[in-house]
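Every number in this text was worked out from the coordinates using simple rules, so none of it is lab data. In this text, all values refer to a predicted model and were calculated from it rather than measured experimentally. FYI the Cβ positions are ideal-geometry reconstructions off the backbone, even for glycines, and counts take in every protein chain you see.
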Amino acid sequence: MATGAQTGSEYIKHHLTNLTFGKDPSDGIWKIAETAQDAQEMGFYAVHLDSMGWSIALGFIFIMLFSIVGRRATTGIPGGLQNTIEIIIEFIDSNVRDTFSHTNKLIAPMALTAFVWVLLMNLMDLVPVDFIPQIATYIGVHLYGMDPHHVYFKIVPTTDPNVTMGMSLSVFFLAIFFSIKNKGIGGFVGELTLHPFSSKNLLIKVILIPINLFLEGVSLLAKPVSHGLRLFGNLYAGEMIFILIALLPLYAQWTLSVPWAIFHILVIVLQAFIFMVLMVVYMNMAHDTGDH
Amino acid sequence: MNINLTLIGQAISFAIFVLFCMKYVWPPITSALEERKKKIADGLSAAELGQQALEKAKVDVDSKLSEAKSEAKNIIAMAEKRQGDILDEANVKASEETSKKLKLAEQEVEQLSMRLKESLKKDLSKLVVEGAEMIMKKEIDKSTHDKAIQALVTKI
């Protein structure tokens, strides 16, 4: 527990609020939100410093680790680190080859980035829930003179819908871009309007267009939402359970947190994998010019 | 839980990381993997070639060995023959030598016996002459007798 003075629900709320830096609507000054209410009022013009910081830091760890190995890559006997990274790369490569049947140099590196990055961000979930937030509180209180109840710090970027949706929407727009590039605007629009119901009769065809557009539009828009929210939901739920376990008395916590952490290892890897595979599948659909 | 600029920030950083990965991570590692694959394939084929060469060498060794064995046999046989020859030769030489030596010894013995005979003859003839002289000292002229005796000696 963070502090004895908090009630259980306060503790949970505190843990589910991001460290938000944004424009205060009342005076128009950019500052760190002091309460969850403040953060909400800031609206769109705000940044979650903790999510952004951790996601960029973890992304840097990924890029640094892999590019160092890439620079030192030997064709002879690989060392332990190179071996591990080669296993990951071969794993991604074989998955992309299985799912993606076209040639695009972007897809495999993108899948690798998404998989490792999301995996690293998910792994933050295994760090004890109060460990880093307590350090952050200590720093906030002693360096910036903040109220300890106002220092919010979430360390798992994938429990922030902005992060997961940010990635899934990038994939969505990239898919639309490749779709139009490969099928032309006509092909893209045709895909949305002439399926799944079609007819030889021109009049019926025209009548069917709005129905098709509705169905295809929903399925098109559902893709990025389900893509992003699936990852967010799983990690958010996992984090939530860790927070609930942290409400137990100290001596009893391990009885639940250890089994849940062990189970969660599976969720972490699985969700990163699913995120990567879905991304490749959407990319593959964007490249499919074949007949429906 | 608020949707805000973090969304766009994440999208931008995702794009940057993907581009970086595409440029500096993916190509070197995959090319290293590819190269290693080729290296291993090359190594395997080289090993197979080596195996074949080894087998060929084994066959070679066997044939050379048998050749050397037969040659050695020949040499031994020749040496044996040669040994026999040398022994024979030595035998012949030795027998020749002995016979020569024997001849020489015989000749010497003959000469010795001749000389002895001669000296014995001389002594005998002297004795005879002296005896005859003693007997017929007065009647017979010494010189005529000597002549007769000389004639006798040569006859013997």
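Take A:ALA175 and decide whether it is in contact with a helix residue (DSSP H, G or I) (Cβ under 8 Å, 6 or more places away or on another chain) and either farther than 28 Å from A:SER101 by Cα or assigned to a helix (DSSP H, G or I) (or both). Criteria met by A:ALA175. Checked across the range B:48-63, the condition of being free of Cβ contacts under 8 Å to residues at least 24 places away in the same chain, more than 43 Å from the chain's Cα centre (by Cα), in a helix (DSSP H, G or I) and more than 14 Å from chain A (Cβ to nearest Cβ) holds for at least one residue. Screening the candidates B:LYS101, B:LYS121, B:LYS147 for the property of being within 48 Å of the chain's Cα centre (by Cα), of a type outside the set (Asp, Glu) and either surrounded by 10 or more Cβ atoms within 10 Å (Cβ to Cβ) or assigned to a helix (DSSP H, G or I) (or both) yields one hit, B:LYS101. Entry remark, the range A:2-32: residues being more than 30 Å from A:LEU119 (Cβ to Cβ) and either surrounded by 13 or more Cβ atoms within 10 Å (Cβ to Cβ) or hydrophobic (A, V, I, L, M, F, W, C) (or both) number 8 in total. When residues in the range A:102-127 are screened for being surrounded by fewer than 24 Cβ atoms within 10 Å (Cβ to Cβ), within 9 Å of chain B (Cβ to nearest Cβ) and touching a Phe, Trp or Tyr at 6+ places or on another chain (Cβ under 7 Å), 1 of them pass.
Of the strands (runs of 3 or more DSSP E) that lie entirely inside the range A:19-123, those containing 1 or more residues that are of a type in the set (D, E, K, R) span A:20-23, A:30-32. In the range B:100-112, the residues that are without any contact (Cβ under 8 Å) to a residue 24 or more places away in the chain never reach a residue that is assigned to a helix (DSSP H, G or I) with C-beta atoms less than 6 angstrom apart, at least six apart or across chains.
So for the range A:206-223 (the condition being in contact (Cβ under 8 Å) with a residue 40 or more places away in the chain and either hydrophobic (A, V, I, L, M, F, W, C) or within 29 Å of A:VAL280 (Cα to Cα) (or both)), does at least one residue qualify? Yes, the range A:206-223 has at least one match. Of all residues in the range B:1-47, those satisfying the criterion of being of a type in the set (Ser, Thr, Tyr), facing chain A (nearest Cβ under 7 Å) and closer than 15 Å to A:ILE89 by Cα are B:TYR24, B:THR30.
All of B:LYS38, B:LYS64 fail the test of being of a type in the set (Lys, Arg), loosely packed, with under 13 Cβ neighbours inside 10 Å, out of contact with any Phe, Trp or Tyr (no Cβ under 8 Å at 6 or more places or on another chain) and over 30 Å from A:ILE77 (Cα atoms), apart from B:LYS64. For the range A:82-101, which positions are among the β-branched types (Val, Ile, Thr) and surrounded by fewer than 14 Cβ atoms within 10 Å (Cβ to Cβ)? A:THR84, A:ILE87 - these are the residues of the range A:82-101 that are among the β-branched types (Val, Ile, Thr) and surrounded by fewer than 14 Cβ atoms within 10 Å (Cβ to Cβ). The set of residues from the range A:247-265 being among the small types (Gly, Ala, Ser) and surrounded by 11 or more Cβ atoms within 10 Å (Cβ to Cβ) comprises A:SER257, A:ALA261. Every condition in (1) within 14 Å of chain B (Cβ to nearest Cβ); (2) surrounded by 15 or more Cβ atoms within 10 Å (Cβ to Cβ) holds for A:HIS149 except the one numbered (1). Across the range A:20-46, the number of residues qualifying as within 16 Å of A:HIS150 (Cα to Cα) and out of contact with any Gly (no Cβ under 6 Å at 6 or more places or on another chain) comes to 15.
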